[in-house]
Amino acid sequence: MRNISKSLLVLLAVVAISMIASSAVLAQSALQKVMTERGLTEKDVLAAAKTYIPSGGRDEYIVCSSGGQSGHVIFYGIPSMRIIKYVAVFTPEPWQGYGFDDESKEVLAQGRSDGKDIVYGDTHHPAFSETDGEYDGQFIFINDKANPRIAVIDLHDFETKQIVVNPFFRSSHGGAFVTPNNEYIMEASQYAAPYKDDFVPLEDFNDEYRGGVTYWKFNREAGRIDPENSFTFEMPPYSQDLCDAGKGPSFGWGFTNSFCSERYVGGIERGRPPFEAGCSSKDTDFMHVTNWKKAEALVAAGKVEKVNGSYLISMEQAIEEEILFLIPEPKSPHGCDITPDGKHIIVSGKLDSHAWVYSFEKIMAAIDSKNFEGYDPYGLPIIGLDTALERSVNVGLGPLHTQFDSVDGVCYTSIYVDSQITKWNYKTGKVLSTIPIHYNVGHLMTMEGDSKTPDGKYLVALNKLSIDRFNPVGPLHPQNHQLIDISGDNMSLLYDMPLPLGEPHYAVAIKADKLKPTNRYKVGWDSRTDQKSPYRVRAGREKVERDGNRVHVYGTLIRSHITPEIIEVTVGDEVSIHLTNLERAEDEVHGFAMYGQNVQLSIEPGKTASTTFTADKAGVYPYYCTEFCSALHLEMQGYLLVQPKGYVAETKEMEIGTAYSKEDYESQVATNLATQDIINSVVAIITSYNYKDFPTVVDLVTDAFDQLGFVEEVKAKSEAAAAEGDYQNAMLWANQWWQYQVKTADLGLRAKTYLEQNGAVKVN
C-alpha cells in the first residue's frame, strides 16, 4: 500500500509538473503571438509589466497634478498612470456638484475679485502639506495664475475648503510652495502691477508697479489659511516666478527667482519691440532671498503696517531690517529648487544651457559680512554671483526644473529645447545620463521629490506637446505625461499618458499609504465647513417649511427613493432644498438633478447639501438621482410642481395604472419571507467572522440594518391594507417591503464577499 501510494504521488507530481510546464508553454506562446501581432519588443513587454496593476491592486504613489486652464487638479496613480479623480478648485464641476450646491458656491464666492464672480482659473503648482519637511498627506495647496488666489484642498475627503485672494497682486505664478512645517504657503506675483486698485499709466511702471511674495499663514488645526496673520514682501517690478522654502540649515528663508529684471515694457502698438525682446536682453536676472522668520517676528511685534487690509513689508523696511536680498541668476529662469539637505539652491535659465548651484552657506556668509557687489535701483543689496555660486553645470539647452533622487547628490533637470531629461550630480557637477522625451518638457517630478527625503524610483516628465504619440483628436492635442524608471543607472521610458484636461503644469507625488481619506461623513455633515449642517434631517423627520414666499425643503436620500417625492410651491417662491444622504456604506453616493433649474448635487454618504433657486415659471419639473446607486436607480425620482398663483386643486381620483389581486399580494409576501431567510443566512455567515475588525464591513452592516429597519413599518401597512381587502395598496406596500429586503441583501452579500477576500477569521 505504501509503495502504491508512493507511485501514485510520483505520478501526480509528474502530471502536475507537466501541466505547469504545458501551461507555461501555452502562456509563452500566447504572449509571443501578441508581441508579433502588435510589433512589441521584449523591452516593451517589460515596461508594460512594470506599470501593470492587477485587478483590485493599488498604486504605490498618488500624484496630484495641476489641471491648467480647467481650474481643477488631477489625481492619478504610479506606476499604473490611471487617472483616479478630478477635484474642482476654482471652477464649477458638475459631477461632484461643485459650484452647483449652496455650500460649494460659498467656497467659490471666497474667490471673487473686484465684486465679480470668477469661475475661471489656471492652476499651476500644487504642494502637499509637510511636517518636518516630509509630506504628511493632509492637505494640497494650489495657486491660480490668472487670478492671484490660493486654495486649500483637504485630503481627508479631497474637497476644496477655502480660496483666498491676494490683496496686492494681479497674477501669481509662483505658488503654492510650503515651508517645512506648513507655517506658511508662499505665493509670488508674476506680472508687475500697481498695488492700488486704480489706473496707473505704463509710463509710471518703474515707480508705481510692483512685484511681491506673500507668505500665507496656515492654521493646521483649523485646516485653513489665516489671512489676518499673513504678510507680503514688496518687491521691484521684476516678474517674480517660482519659489521654494529652505529646510535644514536654510530653514526660515525663502527663495524666489524672476525674469524681466530689465523692467521692460513692450508695445508694438507704440512702435517698441515686443516684451520677449526687451525681457531677455540681460545676461542675468535676480533670485530674491527673503528671511521670513525675521519678517514673522516683525509682524508679531507690531512693526509692520497694513495696506489693503494686509501686512505689507515695504522695500525700505526690508532693506532696513536686512531681510531681502538679490543674487544674479541665469536669465529667464523657471526653477528655484532647494536640495533635500537644504544646503544648496539650483536655478536653471530657459535661455541658458547651465544649471547654477548656489551655496546657502556662502549666501549667509555674504549677508553676515555685508559683502555685496552693489544695489539695484530700489536699494536692495545684491550678493555677487561669484560670491554665492558653488558651480555651474552644462545640462542641455533650455533647462527648467530640477528634482531630486534618493541617491545623495543625484538630481534630474528638464531640458525644454533639447526635449530631454538630464541626470546629473549637483555636488560633483558630473552629468550622468540623458533620456529623450516627447516633446518640450516643462516641469518634471520624482517621487516625493520636493521633500527632504525623496524616494527616487520613478520620474514623470510633463510634456507640452504630444505630436504623433496618440490618436489625433483634432487640432488640440492632449498633454503627455511620461513615466520614466530611474531605479537603475540608466533612465528607461515606461509609459505615455495623455492628459486631456487643460495644461497640467506641475505635479507632486506622495506615497499612497500616507493618504487616509474618509469613507463617509457623519450624518448631516457640511463637507465644506467640516461642521454639522444646520439643515440636516433624519429619516422620518422630513418636512417642508414655508415663511411667506420662502420655502425650505428638508429631505433625505437613500436607495432607492428621494423624500419628499413631491414638492409643491407657487410661482415666485424662493426654494431651498436641503438633502441628507442617509447611507452609511462606502461610495453610496446619490445625486440630485432637476429639469430647468441648473440644479446638480453630489451627496456623499452622510453629507447634507443644499440648492437654492427661484421658482419663476409655473410648470412640472422632474428631479432624479444622477448616480447609479441601485437596481432601482431609475425609479429614484420625484416632481417639483410649480403652481400658478391662485391655483386651486381639483378634487379627483388618479386612475390606477395596474390593478393587483389577493393572489398577487400573497405571492409577493411569500417572496418576501423567502428573501428574509436568505438575509438571515447571510447575517449568520457575517457574524461568524471577526467582521467588527473591518471598518468597511461595519459600515455595510450598519447600512444594511438601516434598510432592514424600515421593513416593520411598511410590512404593517401592507398587512393592514390586506385586512381591509385593499389588495392594491397591500401589494404596493409589500413590494416596498421587498425592496428594503433586496437592498439589505445586496449590502450583506457585499460585506460577506469583502470578508472572504480580505482574510477574515472565523470566531464561532
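Summary table
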| item | result |
| --- | --- |
| Residue check, Glu221 in a strand (DSSP E or B), charged (D, E, K, R) and surrounded by fewer than 22 Cβ atoms within 10 Å (Cβ to Cβ) | no |
| Residues of segment 264-301 classified as under 23 Å from Met186 (Cβ atoms) and either among the aliphatic types (A, V, I, L, M) or surrounded by fewer than 18 Cβ atoms within 10 Å (Cβ to Cβ) (or both), total | 11 |
| Identity of the residue in segment 498-541, among the charged types (D, E, K, R) and buried (at least 18 other Cβ atoms within 10 Å of the Cβ), that ends up nearest to Val698 (Cα to Cα) | Arg520 |
| Filter result for Asp496 (at pLDDT below 95 and assigned by TED's automatic domain parsing to the domain that holds Ala146) | no |
| Top-ranked residue in segment 104-152 [being buried (at least 21 other Cβ atoms within 10 Å of the Cβ) and of a type in the set (Asp, Glu); ranked as nearest to Gln69 (Cα to Cα)] | Asp122 |
| Some residue of segment 619-642 being buried (at least 18 other Cβ atoms within 10 Å of the Cβ), at pLDDT 95 or above, hydroxyl-bearing (Ser, Thr, Tyr) and under 20 Å from Ser533 (Cα atoms) | no |
| Scan of segment 726-757 for residues that are farther than 18 Å from Ile685 by Cα and touching a residue at least 40 places away in the same chain (Cβ under 8 Å), ordered by number | Tyr727, Gln728, Ala730, Met731, Leu732, Ala734, Asn735, Trp737, Trp738, Gln739 |
| Residue match in segment 711-723 (condition: under 42 Å from the mean Cα position of the chain (by Cα) and modelled with pLDDT under 90) | yes |
| Extreme residue, farthest from Lys116 (Cα to Cα), among residues of segment 91-105 that are of a type in the set (S, T, N, Q) and in contact with a Gly (Cβ under 8 Å, 6 or more places away or on another chain) | Ser104 |
| Where Gly429 falls short, out of the listed (1) in contact with a Lys or Arg (Cβ under 6 Å, 6 or more places away or on another chain); (2) on the phi > 0 side of the Ramachandran plot; (3) surrounded by 21 or more Cβ atoms within 10 Å (Cβ to Cβ) | (3) |
| Top-ranked residue in segment 303-324 [being of a type in the set (Gly, Ala, Ser) and over 16 Å from His288 (Cβ atoms); ranked as modelled with the highest pLDDT] | Ser310 |
| Restricting segment 73-89 to residues that are under 12 Å from the mean Cα position of the chain (by Cα) and among the hydrophobic types (A, V, I, L, M, F, W, C), the residue that is surrounded by the most Cβ atoms within 10 Å (Cβ to Cβ) | Val89 |
| Condition met for Ser492 (farther than 19 Å from Val508 by Cα, small (Gly, Ala, Ser) and buried (at least 20 other Cβ atoms within 10 Å of the Cβ)) | no |
| Any chance Arg149 is of a type outside the set (A, V, I, L, M), in contact (Cβ under 8 Å) with a residue 40 or more places away in the chain and closer than 20 Å to Val289 by Cα | no |
| Answer from Ile163, Ile140 - the residue that is in contact with a Pro (Cβ under 8 Å, 6 or more places away or on another chain), at negative phi and not in a loop (DSSP other than H, G, I, E, B) | Ile140 |
| Strands (runs of 3 or more DSSP E) completely within segment 290-385 that count 1 or more residues being over 31 Å from the mean Cα position of the chain (by Cα) and farther than 20 Å from Arg263 by Cα | 310-313, 354-359 |
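The values are calculated or read from the model by the stated rules, or taken from the named source; none is laboratory data. The shown structure was predicted, so the numbers you read here are calculated from the model rather than taken from an experiment. When we count neighbours, we look across all protein chains shown, and the Cβ atoms used for this are built from the backbone with ideal geometry, even at glycine.
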